[in-house]
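Please treat every number below as a calculation from the coordinates, not as lab data. Just so we're clear, the structure is a prediction, and the values are computed from it rather than from any experiment. In this analysis, Cβ positions are derived from the backbone assuming ideal geometry, glycine residues included, and neighbour counts consider all displayed protein chains.
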Amino acid sequence: MIAIQLPDGSRREFPAPLSVGDVAASIGAGLAKAALGGKVDGKVVDLSHVIAHDVQLAIVTDKDADGLELIRHSTAHLLAYAVKELYPDAQVTIGPVIENGFYYDFSYKRPFTPEDLAAIEAKMTELARKDEKVVRRVLPRDEAVAHFKALGENYKAEIIGSIPADQDVSLYAEGRFEDLCRGPHVPSTGKLKHFKLMKVAGAYWRGDHRNEMLQRVYGTAWATKDDLQKYLTMLEEAEKRDHRRLGKELDLFHMEEASPGTVFWHPKGWALWQQVEQYMRRIYQDNGYQEVKGPQIVDRSLWEKSGHWEKYREAMFTTESEKREYALKPMNCPGHILIFKQGVKSYRDLPLRYGEFGQCHRNEPSGGLHGIMRVRAFTQDDGHIFCTEDQILPECVAYTELLQKVYKDFGFSDILYKVATRPDARIGSDELWDKAEHALMESLRRAGVEYVIAPGDGAFYGPKIEYTLKDALGREWQCGTMQVDFNMTVRLDAEFVDEDGQHKNPVMLHRAIVGSLERFIGILIEQHAGALPVWLAPTQVVVANITDAQADYVAEIVKSLQKQGLRASADLRNEKITYKIRQHSMQKLPYILVVGDKEKANGSVAVRARGNQDLGVMPLQDFLNRISADITNKV
């Protein structure tokens, strides 16, 4: 008998081997109809997978994350099927699942057009409605190579040719289309109902710029029509909030081909930058950090000793002078160790917290650059805490509490916590990694937050906590980090004298709250759709006159506001007041003050708040009280 244990703890026995689909059918017709695959002893498999021994089994449906993965994987194959039906000369290459969807790369004689995408999507719908079975078969490697060469699919043949000769490969067929794939897949094309093709982009074969440029068709697929529509609506809203578009419309910054991957900040954008930086500087000051500043260019030998040269050489900008090789710093930690090493440090000096708004450079691929979110030159709110092992826990707990406060002030309340553990390529002993990983997990438990484990995602020198924000659209942005590092202070000979007079290496905690200021500002712009909170807004209030008769009064008000520390400006243009209000509203200013003869005579202002709110006429002091409360409360 074959015993199968189900997720609810129940147990079923069968006299002979049977498929996952057979098990689903034995449970009920409804489940059999909804089933997309199975999870056997934790591994997702096809419904046709045969069970021949005792296992734990879960039936996978479209309500499961694994089911959505199956749908997207299978829809990528449906895309390739449709392309081959419409454009037989096209060659298929690879088509993986990605976040929220999938893509497939094709080699074709001409670029696909928007009209082509519409035709491909229509063909996918037609093929899905045929509800053709998806059938798996296994071939020896060389036979599979010959099979695809005979079909003229040279890319597939090349992929299979890179597999060891003694291995078999699996193929999946639906209708007249057959593709190389490990699987698993949905049982038939009729399970694929809710998808949309999004765009076409270029991609080099195998990611190598020396190879042919292929056409990458992106798509999205969901379990329900409602889920698909919600996603498309979110994308529409995200496009409205795109920081690149808003950066231009609000005159905050621009990018130049003359310096790719770097930001040219305009006065308004730099005012926003300064609000973020000065706020973080106060956080440093109020929480025991000493601000430092290290050099931009450092000799190669330091990066070799720290281990960065071996791990990050390809991402580092280098230069030479007087037969010495230097690198623009990709990170700040080695510089902070050199500062720590100046003078003798005692255990009484620990924990010693350094903070720096350090500009770093990384040679990101041009294809990966994205506005101010992914750049080559960026500034981090970088901090390093030198401490003893006994101080790790309280420092990590306090840091998480601080980070939660900062994120709340910037308008983020939903935070995800992840502990990234040791990677295969790492430095340091397993004993030290055990201590570091335990400290991070225990600190989150003591902070009272739930977390998940990301196995193998730690840095080469230590594990880390990743703090991820959820924005107004539900998108996730990993910003903050806390890394426990027992290794780098050893490699760079940083020591302190303990209470017994012994020289020891301190533990180094690498931490950043907002991370890259450029990226964080981009996130802020998109989070608030450009309508930044009053305390962050580059211009907090503009004062506009109705006629020239109020020009002096406008200047008086602006001067008074500026004396209160507000970012205020005057609009004395010879334009209709309705035009001025409309234009400043489009700039998403928090407040517009309008003054005419009546306001001038009464010493008052007519207040309009963002969102076309008419707050009426009030004394200037009442407005000052209102905006001051907005700023204090981070409204």
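Some observations on this one:
- Close amide-amide hydrogen proximity is noted between SER19 and ILE51, each under 5 Å apart and 5 or more residues distant or on a separate chain (H modeled in the peptide plane; Pro and chain starts excluded).
- About the Cα centre, charge dipole magnitude for the range 329-416 (Lys/Arg +1, Asp/Glu -1 at Cβ), debye: 360 debye
- In degrees, nearest ten, helix 141-150 long axis to first principal axis of the chain (Cα): 80 degrees
- Charge tally in the Cβ shell below 15 Å around GLN550, where Lys, Arg are +1 and Asp, Glu are -1, GLN550 excluded: -1
- Distances between placed amide hydrogens fall under 5 Å for ASN100 paired with no residue 5 or more residues away or on another chain.
- Ranked by the mean number of other Cβ atoms within 10 Å of their residues, highest first, the peptides 214-220, 338-344, 149-155 fall in the order 214-220, 149-155, 338-344.
- A Cβ-based charge dipole, computed about the Cα centre of the range 519-625 with Lys and Arg at +1 and Asp and Glu at -1, lands at about 300 debye.
- Directionally averaged projected area (the range 486-565, Cα convex hull): 10.8 nm².
- Dipole check for the chain: with +1 at the C-beta of Lys and Arg, -1 at the C-beta of Asp and Glu, and the Cα centre as origin, the magnitude is about 1480 Debye.
- Gyration tensor (alpha-carbon) shape descriptor, the range 428-468, a/c threshold 1.5: oblate
- Whether the range 306-412 is rounded, prolate or oblate, judged on the alpha carbon gyration tensor where a/c under 1.5 counts as rounded: oblate
- Note: relative contact order over the range 394-460, using C-alpha pairs below 8 Å and six or more positions apart, is 50 percent.
- Cross-link check: pairs LYS293/LYS341; LYS39/LYS225; LYS311/LYS464; LYS230/LYS470; LYS196/LYS230; LYS39/LYS464 evaluated at a Cα-Cα cut-off of 19 Å; pairs beyond the cut-off: LYS39/LYS225; LYS39/LYS464.
- Gyration tensor verdict on the range 345-407 (Cα atoms; rounded if a/c is under 1.5, prolate if a/b is larger than b/c, oblate otherwise): prolate
- Sequence-distant contacts, meaning Cα pairs under 8 Å at least 6 residues apart, place the relative contact order of the chain at 9 percent.
- For LYS418, neighbours were defined as the other residues whose beta-carbon sits under 12 Å from its Cβ, and their charges (Lys and Arg +1, Asp and Glu -1) total -3.
- Net charge contributed by nearby residues that have their C-beta within less than 13 Å of GLU395 (K/R +1, D/E -1): -2
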